[in-house]
Amino acid sequence: MAKFESSIRQIMYPQQSVYNMLSDLSNIERVKDHLPEDKVQDLTFDADSVSISIPPVGQITLRIIDRDEPKTIKFETEQSPVPFNLWIQLLPVTETTSKMKITIKAELNPFIKGMVSKPLQEGIEKLADMLTMIQYE
């Protein structure tokens, strides 16, 4: 099992506000205009799942499989070239700020791991960057 983790990011909003936004994927509507069109295409979502096409990776569909309010949101792939689990961990720093880390675990054979490790790590860092820029309130 290969494990990839983002660096820990500060978010200038309370833990509960961040959790409330991220645990309901229909909130993507509020931020979808900020997603890079050249990197993310065919975005569809509902409260529990999100599906995107990422050139040259292909179609990826993630579904929330567990919510541990206000600390953790766990996702699992329903459709992906490489099956994986992803979870977002949230911890309070103060009453008005929190910190976040994203983790991906995937079953990768050594050949595939060599090809996808760098893009996966870069992708998880970009996702973490994007999540720090959202207005959660």
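The values are calculated or read from the model by the stated rules, or taken from the named source; none is laboratory data. As the structure is a prediction and not an experimental result, all values here were calculated from the model. Glycine gets a Cβ as well: all are built from the backbone with ideal geometry, and neighbour counts include every protein chain shown. Note: accessible area is taken over every heavy atom of the protein model, side chains too, but ligands, DNA and RNA are not part of it. Shrake-Rupley method; radii C 1.70, N 1.55, O 1.52, S 1.80 Å.
Assorted remarks:
- Accessible area per residue, Å², the range 1-77 with all protein chains present, probe 1.4 Å: 57 Å²
- Helix 110-132 axis, angle to the chain major axis (alpha carbon atoms, nearest 10°): 20 degrees
- Extents of the range 27-69, largest first, come to 33, 22, 14 Å (Cα atoms, principal axes, whole angstrom).
- One way to sum up the overall shape of the range 6-52 is the equivalent ellipsoid from its Cα gyration tensor, whose semi-axes run 21, 15, 10 Å, largest first.
- Heavy-atom accessible surface of the chain: percent carbon and sulfur, 1.4 Å: 53 percent
- Debye intensity ratio in log₁₀ form over the Cα atoms of the range 1-79, taken at each q of 0.15, 0.19, 0.25 Å⁻¹: -0.64, -1.02, -1.37
- Loop-resident GluC sites (Glu not before Pro) (DSSP state other than H, G, I, E or B) in the range 1-62 with no more than 15 further Cβ atoms inside 10 Å of their Cβ: Glu37.
- On full extension, the segment bounded by Leu43 and Leu91 gains 14.4 nm, given 0.36 nm per residue less the C-alpha separation.
- Kirkwood hydrodynamic radius (C-alpha pairs) into Stokes-Einstein, the chain, 37 °C and 0.692 mPa s, D in µm²/s: 214 µm²/s
- Contour excess over end-to-end distance, with Cα ends at Lys71 and Lys113 and 0.36 nm allotted per residue: 12.2 nm
- Distance in nm between pseudo-label sites at Val31 and Ile8 (7 Å out along the Cβ direction from Cα): 2.0 nm
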